[in-house]
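This report concerns only the one structure given below.
The values are calculated or read from the model by the stated rules, or taken from the named source; none is laboratory data. Just so it is clear, the model here is predicted, and its values are computed rather than measured. Ideal geometry is used to build each Cβ from the backbone, glycine not excepted, and the neighbour counts take in all protein chains shown.
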Amino acid sequence: MTDQEMQIYKVGGAVRDSLLGYPHTETDWVVVGGTPKALLEQGFTQVGKDFPVFLHPTTKEEYALARTERKQGHGYHGFVVHAEPSVTLEEDLARRDLTINAMAMTEDGRIIDPYNGQQDLHNRLLRHVSAHFVEDPLRVLRVARFAARYHHLGFSIAPETAALMAQIIAANELSHLATERIWIETERALSERDPAVFFDALKACGALATLAPALCVTEGIHYLAAASARTHRTECRWAALLADLSANKAEQTCASVKAPNAYRNLAVAVCTWRANTKRALSDAQQGYALLRALDALRRDEPFYGFVTTLVALTNDTEDAQILQTRLTAIREAARAVNAQTLMAQGYSGAALGDAIKQQQIEAIANQLRLYAK
């Protein structure tokens, strides 16, 4: 950057996590006093239509022109953006959600902190920058996600910020968010260290009653808290959250947030079969029905996800190991049945299908007899 009028600052999460000593993978920059023309002349590539963001020609990191935003309409996209060389760094930082995200760092490492983000880092508080926080309903989900990410470090949501989150929900602003955007934040939260905190925060401000009302009256958040310590698979964590629902309620909840098929299929399987797994490990017919329901005789998923979820929901380590071993064993026993052998014996068509099924059930029964001794 050779243009003396332009000043470049590291901003946002990279500054926050550097001060926390927390790992981060992305670095964002803000350009004060710059123009699209100046950046394009230096080899940057412009991306996005909502506001001027540019990719560095070498690092491909994002450089955004300093901007202000004015609310006009509802939802996440209801803003008019003003990006001009006259916009100051402080004005750009003022539009951000939390004080800990509203800090900048100069090239020589000096911190610019107009909204006391460092103090809130020290106090372990997630606090809004200004009353403009209520203008973007996505911030409800983002703050809840940050609460899940940093819970183990002692962070909590400031009471005044929690009050604004509840105000957003009461104004029905969440209904203006695209469902796809809601799922993106939810999936990200499921990958955080303490995902149950995300759903607790949404429940506290009233958002969960809007997004997934069935989860407000179950033990799902408690199940998720326990399971997340035992698996990092996000679809398994989602299934654990829904594990206390009926299959129909799980299907409806997945549909309401547009959860991907892999998440929906696993959650419905867990809700359908979790209570019947013990029977499936004592009755060959039921064991076969379980494997068919999971398509486990042909595919690995959702079988492995089902096993992982049930193991994560089992408090006793020995019981969890037995469950995993036996489910895997009956699957392998059934899969060992060879259709080619039966075809060589003269079976074909429907008779072949019946013979395969009977031999698979017999193979499962033989495996279960080993455990009965």
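Side notes on the structure shown:
- When residues of region 333-365 are limited to those that are exposed (fewer than 13 other Cβ atoms within 10 Å of the Cβ) and within 41 Å of the chain's Cα centre (by Cα), the one nearest to PHE306 (Cα to Cα): ALA336
- Test: residue in region 189-210 that is under 26 Å from ALA94 (Cα atoms) and of a type in the set (S, T, N, Q): no
- Set ALA269, ALA372, ALA289: member being exposed (fewer than 13 other Cβ atoms within 10 Å of the Cβ) and either of a type in the set (Phe, Trp, Tyr) or assigned by TED's automatic domain parsing to the domain that holds SER246 (or both): ALA372
- Of the strands (runs of 3 or more DSSP E) lying entirely inside region 48-157, those containing at least 2 residues that are touching a Phe, Trp or Tyr at 6+ places or on another chain (Cβ under 8 Å) are 53-55, 62-65, 68-71.
- Elements of type helices (runs of 4 or more DSSP H) contained in region 291-365, each with 3 or more residues being touching a residue at least 40 places away in the same chain (Cβ under 8 Å) and touching a Cys at 6+ places or on another chain (Cβ under 8 Å): 303-312
- Hey, LYS37 out of contact with any helix residue (DSSP H, G or I) (no Cβ under 8 Å at 6 or more places or on another chain), over 15 Å from ALA83 (Cβ atoms) and of a type outside the set (Gly, Ala, Ser) or not: no
Okay, residues lined up against (1) of a type in the set (Val, Ile, Thr); (2) surrounded by fewer than 20 Cβ atoms within 10 Å (Cβ to Cβ):
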position: LEU138; (1), (2): no, no
position: ARG142; (1), (2): no, yes
position: PHE146; (1), (2): no, no
position: MET165; (1), (2): no, no
position: ALA171; (1), (2): no, yes
position: ILE182; (1), (2): yes, no
position: GLU187; (1), (2): no, yes
position: SER191; (1), (2): no, yes
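Results for (1) closer than 18 Å to GLY305 by Cβ; (2) without any contact (Cβ under 8 Å) to a residue 40 or more places away in the chain; (3) outside any helix (DSSP H, G or I), shown as yes or no for each residue.
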{"position": "ALA204", "(1), (2), (3)": "no, no, no"}
{"position": "THR210", "(1), (2), (3)": "no, no, no"}
{"position": "ALA214", "(1), (2), (3)": "no, yes, no"}
{"position": "TYR223", "(1), (2), (3)": "yes, no, no"}
{"position": "ALA226", "(1), (2), (3)": "yes, no, no"}
{"position": "HIS232", "(1), (2), (3)": "yes, no, yes"}
{"position": "ALA239", "(1), (2), (3)": "yes, no, no"}
